[in-house]
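Below is one structure, written out as structure tokens; comments come after it.
Coordinate-derived values only; no laboratory data. Because the structure is predicted, anything quoted here is derived from the model rather than measured. Reconstructed Cβ throughout: ideal geometry from the backbone, glycine too, with neighbour counts over all protein chains shown.
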């Protein structure tokens, strides 16, 4: 199995450390990121003719939500005895996969905003 896919499966399958009531769950982090991206993409989609530009601008607007997801992935990998390098690679892979899965919805949001 590809380590990136394995990292994504590990991230999604493991119980969230934040589920102790002190922070958001993984589902909440993902939902917040998705909502932010959809809203921001629609906002910028109305201002530009290029869908990619709207999505890039939305990513910049949603950096805090993105960092929260990356932090959760990093903490999970470190807690499981992985190196910092492996954890950084996993967080990059997860956020790239999330962005790829969201792209069709984001493109529709940008196009609807016109």
- For 66, 103, 112, what ranking results if the residue with the fewest other Cβ atoms within 10 Å of its Cβ goes first? 112, 103, 66
- What is the extension gain from residue 75 to residue 100, computed as 0.36 nm multiplied by their sequence separation minus the C-alpha to C-alpha distance, in nm to one decimal? 6.7 nm
